[in-house]
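A.B. asks: Got a structure for you, written out below as structure tokens; questions coming shortly.
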Amino acid sequence: MERPALPPVKHALTGGGWMAVDGGRRIIPELDGTAEAATVNGGAPPTKDTFAHPLIRTTKTLDVQTVLMDSTAWDGFPFRADDVLVATYGKAGTSWMQAILGHLLLGVGSDAAARPQAVSPWLDMRSATPVAERHAALAAQTHRRFLKSHLPLDALPYSPDLKYIYIGRDARDLIWSMHNHHTSLLPEALAALNALPGRVGPPMGPAPTDPVAYWRDWMDGDGAPWWPFWSHTRAWWAARSLPNVLLLHYADMLADLPAAVRRVAAFLAVPVTPEDVATITERCSFAYMRAHAADVVPGGGHAFRGGAEAFIHKGTNGRWRGMLSEEDVATYEARAVAELGDDCARWLREGGSV
């Protein structure tokens, strides 16, 4: 079947939102040869109406490149049929889910499970390590692999053979956590990030100390200084009915972690006993993870003031309450409905089944 050409445009996030930049689009080799690639609005950033039907394709249809990440790191990646990919926008439980997956896939309570970051890299993060070396390190793994991404689904290779887990979180809670994350970054870590070759978009500077100002900048800048939020959420929400895609909500995991563990285990067809669930729940509690933060956060937390404990900050929701004005709240909630539709906006705000 002839594959339709993709538009010759990449997308990058600048301080003011999306922009088109020069260059073509590289496509990974097809995974199953059965489906045509989708295109995204003729090359424009995706909208809430982009995917009206279940997403079935064999290539990514969007490249996202920022100061922090580069989706082309997935180009040519040799997936295995049992791979698991966990994704969030960021600060929505990625490391938390990696810890759960470590126990489910490496052995409940095992030494390997205690250090999930050692085997579960963020592949689309820009790095001084060449992409080929990162691919080779993952190819050498003999266990069932679990990979991490902060990309929208349309910027990732898709195959019906893979398992995708996405965790959503109310943007207000997410950005309050992101503010702590950003303000905790050491100046030398920011300098090293900005100095990496191949950066697209402006360098990342220090965060303002006021979380409300940070929130308003993020809202006005379509996700700046990170990446677009609305299109990210839309892309994953559009795939919610696919049998190999599991959408979870951060608030639901906080409310009932054992249920979340059982749900993930069932999704991955990994048998667990009640004792297994109890062990995973205890080892993946915030108290336990903070006490063993150097083992469960990326890079051992060396990029942060206060070390790994700064990465696992509070893990709570609602810290924006009493800080955002009524106008801020109303503006966000109206924007969420306009960008996502009623059902997705409600799920993002409240959690629950999709």
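A.B. asks: Output the peptides 340-347, 258-265, 191-198 sorted from most to least packed, where packing is the average of other Cβ atoms within 10 Å over each peptide's residues. Could you put the intermediate results ahead of the total?
C.D. replies: On the way: 340-347: 16.5, 258-265: 18.4, 191-198: 11.6.
Taking the mean over residues of other Cβ atoms within 10 Å, the ranking is 258-265, 340-347, 191-198.
A.B. asks: According to the square roots a ≥ b ≥ c of the eigenvalues of the Cα gyration tensor, what is the shape class of segment 101-168, taking rounded for a/c under 1.5, prolate for a/b larger than b/c otherwise, and oblate for the remainder? Provide the component values of the computation, followed by the final result.
C.D. replies: On the way: a/c = 1.72, a/b = 1.21, b/c = 1.43.
Oblate.
A.B. asks: Quote to one decimal, in nm, the extra length available between T129 and E282 on full extension: 0.36 nm per residue of separation minus the C-alpha distance between them. Please list the in-between numbers first.
C.D. replies: Numbers: separation 153, 0.36 × 153 = 55.08 nm, distance 3.44 nm.
Contour length minus Cα-Cα distance gives 51.6 nm.
A.B. asks: Work out how much length D343 to A81 would gain on full extension: take 0.36 nm times their residue separation and subtract the Cα-Cα distance, in nm to one decimal. Each step should come with its number before you reach the end.
C.D. replies: Values: separation 262, 0.36 × 262 = 94.32 nm, distance 3.17 nm.
Here the answer is 91.1 nm.
A.B. asks: Going by amide H atoms built from the backbone, whose H comes under 5 Å of the H on L246, apart from near neighbours?
C.D. replies: Distant-sequence amide H within range of L246: Y164, I165, Y166.
A.B. asks: So, R0 is 35 Å and r is the distance between the beta-carbons of A136 and A192; what FRET efficiency does that work out to, to 0.05?
C.D. replies: Values: r = 23 Å, r/R0 = 0.66.
Efficiency computed from Cβ-Cβ geometry: 0.90.
A.B. asks: Additional query: What order do you get for L153, L162 when you list them from fewest to most C-beta neighbours inside 10 Å? All intermediate terms of the calculation are to be shown ahead of the outcome.
C.D. replies: Working: L153 28, L162 19.
Lowest count first: L162, L153.
A.B. asks: Could you pull out every residue, at least 5 positions away or on a different chain, whose amide H is within less than 5 Å of the one on L156? Hs are placed 1.01 Å off N in the peptide plane, and Pro or chain starts have none.
C.D. replies: Sorted by chain and number, the residues that satisfy this are T61.
A.B. asks: Based on other C-beta atoms within 10 Å, arrange Y214, Y250 from fewest to most.
C.D. replies: Details: Y214 20, Y250 25.
Listing Y214, Y250 from fewest to most nearby Cβ atoms yields Y214, Y250.
A.B. asks: Sort S149, S159 by Cβ crowding within 10 Å, fewest neighbours at the top. Walk me through the numbers on the way to the answer.
C.D. replies: Details: S149 23, S159 19.
Ascending Cβ contact count within 10 Å gives the list S159, S149.
A.B. asks: Which whole-angstrom value gives the distance between the alpha carbon centres of segment 132-177 and segment 225-289?
C.D. replies: 13 Å
Every read-out reported here was derived from the displayed coordinates using simple, explicitly stated rules and does not represent laboratory data. As the structure is a computational prediction, the values presented were derived from the model and not from experiment. Virtual Cβ from ideal backbone geometry, glycine too; neighbours counted across all protein chains shown.
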